[in-house]
Amino acid sequence: MGPAPAREAAGVLGRGALIVGPVRDALARAARGAAWYVRQLMGDDAYRVYVEHRRAAHGPDVPVLDERQFWRQRMDDQDRNPGARCC
Amino acid sequence: MTTTTRSTAEDARDDGLAPDPTLPPTAVPESALKPRWTWQKVVLWTGIALLGGVAWVMLALVRGETVNAIWFVFAAVCSYLIGYRFYSKVIERYLTRPDDRRATPAEVRSDGKDYVPTDRRVLFGHHFAAIAGAGPLVGPVLAAQMGYLPGTVWIIVGVILAGAVQDYLVLFFSMRRGGRTIGQMARQELGRIGGTAAIVASLLIMLIIVAILALVVVNSLGESPWGVFSVSMTIPIALFMGVYLRYLRPGRITEVSIIGFVLLMAAIVGGGWVANTTWGADLFHLDRTTIAIGIIIYGFIAAVLPVWLLLAPRDYLSTFMKIGVIVMLAGAIVIVRPEISVPAVSEFASGETGPVFSGSLFPFLFVTIACGALSGFHALIASGTTPKLLEKERQARFIGYGGMLMESFVAIMALVAAISLDRGIYFAMNASAAATGGTIEGAVAFVNSLGLAGVNLTPDMLSSTAAAVGEESIVSRTGGAPTLALGLAHIMQQLFGGAAMMGFWYHFAIMFEALFILTAVDAGTRVARFMLQDSVGNVVPRFRDVTWRPGVWLCTLVMVAGWGSILYLGVTDPLGGINTFFPLFGIANQLLAAIALAVVLAIVAKRGRSYVRWLWIVAVPLAFTAVVTITASFEKIFSPVPAVGYWANHNAFKDALAAGETSFGTAPSVEAMEAVVRNTFVQGTLSIIFVVLAIVVMVAALVTTVKAIRAGGGENHEDEPVASRRFAPAGLLPTAAEKEIEAAWAQLPPEKQPVSSGGGH
């Protein structure tokens, strides 16, 4: 008795049940994409880019600043070279 | 579709740009670039054109009782899509002619810090956040005095033909020159006189823009304890974020921005509670002069403090909020679809004066809207950091042209929010205190005396609206920001929260506008100081050293005094600071745009004979802007109507003082009259300086252009071409050919993959 009504229920709600899966997946993908975009926009990965660039340009053993030093230097650079923000 | 896994013979043209034959192609081959018109595309674009056409008809021709806001959205979006797909492609094909086989400066000078090839979608957001600010939010609100149609037409048509063109071309040519600034490009292309004039004009114009934007903030916070509390709280919140990022968790920018955002929301809610207490109302109820002095002091301190402590966190918060706010505004208007009862063309459109801004529709409408359609300041941004981050040449169209279209869309949304208000309330808020007397009765009398159709203002309307948003009074809250905030509050409360939330939404809008503006004030002061130190450094080399604190402090003081004095004059102006000073802001901005377009004209003419027949793409907006701004400047300088001409006003008041009068026009005392004499002197002088500088540059550019056309070209100041070693799609969505090439690159082993920011998605 169990499986048949369940299958019938699935038949009636079948379309509903099928939509939840892909829709949920699409929403999850969209949320992940939005999170990626915001993190990129705000510049969270600047340190990773710096390290990758140094290693790619000068070899894997090149000394790199640690994260704290990197961000301090970045701020100091901005102090020296101010960027405009529009109106 | 040809398989494009290996570079074809086309790419191996012997012009030094032959790509590495072991890598996949770095550019879509010319043959695959030609547009392929399938019937689906034809149907799509015909549909867009029809929808846009219908929307314009509804806005421009149909005269019903009201018009629905959704038509503004459709007209704007469809026009932008068509402009982007067709007009910007013409510019790309015939004027810029980008070559993806060439490496951009981001690739050539790649240093992992300033020159980093950045994913185009992320760079779009970056660039948009850099160019967007309070400008497109304020100008259209003031321009609503003329009715909705003139403003809408200029915002949409102007951006497609002028604003986005300027942004795209400046971005592209700066990129070709290794990211050189517009000032440096002006000097190179126009010679020393033109170049120096351009740089001086940029500096002065920047100071004016900062001053007027600060005035907008002052006007929105005057006598508003809730507002002052919320905006003041942004300072400790930013300080906290700065310390958090430096000492606690370096590099967690998104995390700290979310924390900051939550704290901001708490500050807004808290502001409502604080403003209702007696101690809160006493402490935070400040008059406009006090707030102005506060902002001047803040401006100085913020510009000398290290970047990490205050400016950088504010910048992160602003960027974070900009995206969110714009999405929210657009979404709210699309969902709520308010009915607009403002007429298409108002009674003031054909006149010469008006309560919000004086001057006839031509040229002052264009000058008032400024940033929403064409903004010279963007030339400074487009030749700032963005050209150093472009991954491929062909992406400049998406980022430069597309970014400005987005800003124009923000302007349309701001216009819609402002015109969704009752007209009586709109004029009561935006007429100067001199006209309304600053009281509800005065405002009602003034507005009802304007003789506007369908306007019947009652004192109850003004007092209940003020109470609903948690302000003591909304009369003569000029400057555009409070009007936009009220319009936003009206729309948002229909979505979330109802009437009880109106206070929150109103102060949320005031707060984000103040946030954007104060960040721009800080950044603008630093840039101006940098330019000053650089120039003085030519004479006294010590000033070039930015670590020498006395030099930094002195130059900051000079620049803050520069914009601070204008701010102070504006705040104490008896005729209503925004009403008299805003045209200066608009004129300055448009003159800078004319300068930028003039430089671009010279650059294009020098590129060679085949460019001459396409010069009109630059010449038409340049000519229009030049005519508008020179006419506006001349009217401001020479018009005999005191409400319009600065010198006419100056002389009228001077004569009245000399004749021994103790009150004249709307100035009630001798002091007020003297203030007007002083202010109009400054305004008149600045107008003369701006227009002279702009004419110098335009003449220099014309001379250079004519010489270049005669000679069939000119000196090429672009960087040497270097072959590119990477590939990325040109627009938002990759085309089929681009997807193929991307797939080929993805098959490469990881050590051969190019490093970039925004990779790994």
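The values are calculated or read from the model by the stated rules, or taken from the named source; none is laboratory data. This is a predicted model, so every value here is computed, not measured. Counting neighbours? That spans all protein chains shown, and the Cβs are built from the backbone with ideal geometry, glycine included. Just so you know, the surface numbers come from the protein's heavy atoms only, side chains and all, with ligands and any DNA or RNA stripped out. Shrake-Rupley method; radii C 1.70, N 1.55, O 1.52, S 1.80 Å.
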Tell me whether the stretch B:453-495 comes out rounded, prolate or oblate; compute the Cα gyration tensor, take square roots of the eigenvalues as a ≥ b ≥ c, and use a/c under 1.5 as the rounded threshold. rounded
Quick one, can you get me the convex hull of the C-alpha atoms of the protein assembly as shown expressed as volume per residue in Å³? 208
For the stretch B:344-447: accessible area per residue (Å², 1.4 Å): 20
Given a 1.4 Å probe and no ligands, DNA or RNA in the count, how much accessible surface is buried by A and B, both sides, to the nearest 100 Å²? 3900
Subtracting the Cα-Cα distance from 0.36 nm times the residue separation, let me have the gained length for B:Ala60 to B:Ser350 in nm, one decimal. 102.7 nm
For the stretch B:190-342, what does the alpha-carbon gyration tensor say about shape, rounded, prolate or oblate, given a ≥ b ≥ c as the root eigenvalues, a/c under 1.5 as rounded, and a/b over b/c as prolate? rounded
Cβ charges +1 (Lys, Arg) and -1 (Asp, Glu), total dipole of chain B, debye: 2200
With runs of 4+ DSSP H residues as the only contributors, calculate the mean residue ellipticity of the protein assembly as shown at 222 nm using -39,500 (n - 2.57) per run, divided by the residue total and rounded to the nearest 500. -21500 deg cm²/dmol
Positive-end residue, chain B charge dipole about Cα centroid, Cβ charges, pick of B:Ala730, B:Ala132, B:Ile741: B:Ile741
I want to check the label-to-label distance for B:Asp460 and B:His285. Put each point 7 Å from Cα in the C-beta direction and report it in nm to one decimal. 2.6
Distance in nm between label sites at B:Ile709 and A:Arg80, each 7 Å beyond Cα in the beta-carbon direction? 4.5
Suppose every Lys and Arg Cβ carries +1 and every Asp and Glu Cβ carries -1, with no other charges. What dipole size does the protein assembly as shown come out with about its Cα centre, to the nearest 20 debye? 2260
Given the options B:Ala667, B:Ser463, B:Trp505, identify the residue whose Cα lies farthest towards the positive end of the charge dipole of the protein assembly as shown (+1 on Cβ of Lys, Arg; -1 on Cβ of Asp, Glu). B:Trp505
For the stretch B:403-457 and the stretch A:30-49, write down the distance between their C-alpha centroids in whole Å. 41
Want the number for B:Val722 to B:Ser663: 0.36 nm per residue separation, take away the alpha-carbon distance, what's left? 14.3 nm
With a 1.4 Å probe on protein heavy atoms only, tell me which residues of the stretch A:40-59 lose at least 40 Å² of accessible surface in the complex relative to the chain by itself. A:Gln40, A:Leu41, A:Met42, A:Asp44, A:Val49, A:His53
Could you tell me which residue out of B:Tyr94, B:Leu204, B:Ala632 lies farthest along the dipole of the protein assembly as shown toward its positive end? Charges go on the beta carbon: Lys and Arg +1, Asp and Glu -1, centred on the Cα centre. B:Tyr94
If I stretch the segment between B:Leu732 and B:Tyr87 completely, what's the gain in nm (0.36 nm per residue apart, minus their alpha carbon distance), one decimal? 230.5 nm
Between the stretch B:132-173 and the stretch B:522-560, what is the separation of their alpha carbon centroids in Å? 33
Please state the charge dipole magnitude for the stretch B:586-713, taken about the Cα centre, from unit charges on C-beta atoms (+1 on K and R, -1 on D and E), reported in debye and rounded to the nearest 20. 1120
Between B:Thr46 and B:Thr631, the FRET efficiency computed from the C-beta separation at R0 = 30 Å comes out, to the nearest 0.05, as 0.15
Per the 1/(1 + (r/R0)^6) rule, R0 = 35 Å and r from the Cβ atoms of B:Phe362 and B:Glu339, FRET efficiency to 0.05 is 0.75
Label-to-label distance, nm, for residues given as B:Trp548 and B:Asp114 (7 Å Cα→Cβ offset): 2.1
Based on alpha-carbon atoms only, what is the radius of gyration of the stretch B:307-353 relative to the globular estimate 2.2 N^0.38 Å? 1.98
